[in-house]
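Following: one structure in structure tokens, then a few remarks.
The values are calculated or read from the model by the stated rules, or taken from the named source; none is laboratory data. This is a predicted model, so every value here is computed, not measured. Here the Cβ is made from the backbone with ideal geometry for all residues, glycine too, and neighbour counts use every protein chain on show. Protein only, heavy atoms only, side chains kept; ligands, DNA and RNA dropped before computing areas. Shrake-Rupley method; radii C 1.70, N 1.55, O 1.52, S 1.80 Å.
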Amino acid sequence: MSDVARLDGVAAGYGNRVLWRDLDLTITPGEYLAVLGGNGTGKTTLLKLLLGALRPLAGQVAVFGESAKRGDRRVGYVPQHQAFDRDMPVRGIDLVGLGASGHRFGPRRMPKSVASRVAASISAVGAGDYATAPVGLLSGGEQQRLRIAGAIVDDPALILADEPLSSLDFSSQRQVADVLDGRRREVGSAVVVVTHDINPMLRHVDRVLYLAAGKWACGTPEEVLTSERLTALYGIEIDVVRVRDHVVIVGAPDELTGPHHHADEGGGH
Amino acid sequence: MFLTLLHQHFVQMSLVAAAVAAVVSGTLSPLVIARGQAFSVHGIAELGLTGAAGGLLAGIDAPSGALIGSASVGALLGFLGLRDRDRDAATGVVLAAGLGLGGLFLSRLHAYATTGFGLLFGSISSVSDHEVILLCSVAGAVLVVLAICWRPLWFASVDPAAAEARGVPVRTLGVAFPILLGAAVAEVIQVTGVLLILTLVVTPAAAATRLSARPRTVVLTSVSLALLASAGGVLCSLQWTSPPPSFFVAMISFGGYVIARIVGDSMRARRRG
């Protein structure tokens, strides 16, 4: 029962469209799990199941031994990165504050205890220098750290992050991946990260769940990210090449990206 | 002559109406900016015109008609345009259809020109006691609902995906907010008229966000600018009677925006340098 989450024979999809089936997966405390796969393979769908936002087509999804339900304070969620508008009338500290008490109805001021958790959360992600700047003027990496800060205010035992590194440059990607790693080391949170590119987090990842063509493979990066395993998974020839500390997957039909897709950092001060 | 006018009952009533409308619109304005719903505000206001004209035709008064028109179109927009991408198109479609209907209603009214002008540019200087009472009660209700939903509404506006995962009823709030907006807009129409609605619902927060990103400061600045423009507009129209009060409201509000931009830019430049 000490598992953070457990999936038994789960099939997931929308309506008649099944994205994957027969998934058995156990997530243990302090584990760093990367969910890999091309577009439309059902990576985000897995997070939706764990968030209780979607019901499985078959099988059981248990989070902390119960069926997953929305708004569980033990689960922290970092949504897919979307840049804030420049004129968004919110500072970083307000965004994190919303993560702490934004779900509460009623006209009450933020209690001191919440304010100190917000401050602790901001320092945990290293966003202290720009927490009082308007979020719309921050870079993508800075915005993403603040989003993570908002998700971890309650020290959740399970952190779910959906493409937290997309649209960041490589050094910001590594920093954000490190922030997530820090949470499991310091608080023992299990971390589940959906990603296109495993390289920025390769040194942290305990296990990889690889989704492809309705099937899946799960294990350590060394076990799963091999030419034989991925060739078997896709049913066509795949080459996994290791260059220094990078893994490059060549030949995947859904165009998994290597370390070389740069996107703009956006914003600036 | 100016001071004697201030003792007149009708002048006091228009000042009260102007102030109450300004407090509501100034409070809603930052949320409108955060949600990017300026276009919805305009659509809702134009349907307020249809409602007001329809109300007069049906024998009820214009403000009640406007309230019914804009609140129900707010609800409709809330249901239709749940996602951002659909919203502008849905708003445009509803706005155009509603305004056509409004034209029909207006043309069937006997006092076509004056009523039409009043709806388009505001009729704050001839507001009745009954209308002031209606305005105060609607404004009070809107402010109470806002106070209760304040934080979840901000959360849902700033980061809907995170808010939804936290258990905030994002969809319900997405329908509730345009209804609130509709109720408020119907009241603000009396001050600004349909055409100048954005001067009290969008400009105040657009100006405030140039000066600060602290939500509380933004709301207070926005309410202050709305009050200044609204009450100032009424007072100016006592002195210079020829343009409608909404002209002065729009000019004061725009002046506030220009000043906020200049001050805000120089503040940013100083912080950087």
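Would you kindly work out the equivalent ellipsoid of chain A from its C-alpha gyration tensor and give its semi-axes, the square roots of five times the eigenvalues, largest first in whole Å?
31, 23, 16
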- Between residue B:268 and residue B:96, with labels modelled 7 Å along Cα→Cβ, what's the label distance in nm to one decimal, could you check? 3.5
- Indicate the helices, whole DSSP H runs only, in chain A that combine a mean Kyte-Doolittle hydropathy of -1.0 or more with a Cα extent along their long axis of 15 angstrom or more. A:112-124, A:140-151, A:170-187
- Query: How well do other chains shield peptide B:164-174, expressed as the mean number of their Cβ atoms within 10 Å of each residue Cβ?
  - Reply: 5
- Query: For the protein assembly as shown: lysine pairs with Cα atoms under 27 Å, gap of 8 or more or different chains, count?
  - Reply: 5
- Task: Starting from the eigenvalues of the Cα gyration tensor, five times each then square-rooted, give me the equivalent ellipsoid semi-axes of the protein assembly as shown, largest first, whole Å.
- Result: 52, 25, 20
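Counting partner chain Cβ atoms within 10 Å of every residue's Cβ in A:24-30, what's the average?
Mean inter-chain Cβ contacts per residue within 10 Å come to 0.
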- Note on the structure: Measure of exposure for residue A:48: accessible area at 1.4 Å probe, Å² rounded to 10, is 80
- Zone residues, the range A:187-215, relative to residue B:161, backbone N less than 11 Å from point 7 Å out along Cα-to-Cβ: A:194
- Once Lys and Arg are counted +1 and Asp and Glu -1 for all other residues with Cβ under 12 Å from that of residue A:157, the total becomes -1
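Under the definition of partner shielding as Cβ atoms of other protein chains within 10 Å of a residue Cβ, what is the mean value for peptide A:82-93?
Across the residues of A:82-93, the mean count of other-chain Cβ atoms within 10 Å is 6.
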- Rank these residues by their accessible area, most exposed first, probe 1.4 Å: B:198, A:160. B:198, A:160
- Please report the orientation-averaged projected area of chain B, defined via the convex hull of its C-alpha atoms, in nm². 15.3
- Note on the structure: Per DSSP, the loop-located trypsin sites (Lys or Arg not before Pro) within the range B:1-104 having at most 11 other beta carbons within 10 Å are B:83
- Task: Please list the radius of gyration and Dmax for the range B:222-273, considering alpha-carbon atoms only, with Å as the unit.
- Result: 14.2, 47
- Task: At 7 Å along the Cα-to-beta-carbon direction for both residue A:244 and residue B:141, put a label point, then send me their distance in nm to one decimal.
- Result: 6.6
- Message: Taking the square root of 5 times each eigenvalue of the Cα gyration tensor, what semi-axes in Å does the equivalent ellipsoid of the range B:1-40 have, largest first?
- Response: 33, 8, 7
- Using a Gaussian network for chain B with springs between C-alpha atoms less than 10 Å apart, which of these wobbles most: B:74, B:36, B:102? B:36
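Treat every Asp and Glu Cβ in the protein assembly as shown as -1 and every Lys and Arg Cβ as +1, leave all other atoms uncharged, and give the resulting dipole magnitude about the Cα centre to the nearest 20 debye.
With only Lys, Arg, Asp and Glu charged at Cβ, the dipole is about 1120 debye.
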- Using 0.36 nm per residue, how much length does the chain from residue A:80 to residue A:11 gain when fully extended, once their Cα-Cα distance is taken away? 22.5 nm
- Message: Once you place label points 7 Å from the Cα toward the Cβ at residue B:109 and residue B:171, how far apart are they in nm?
- Response: 3.9
- Note on the structure: Counting only protein heavy atoms and rolling a 1.4 Å probe, one gets per residue an accessible area for the protein assembly as shown in Å² of 42
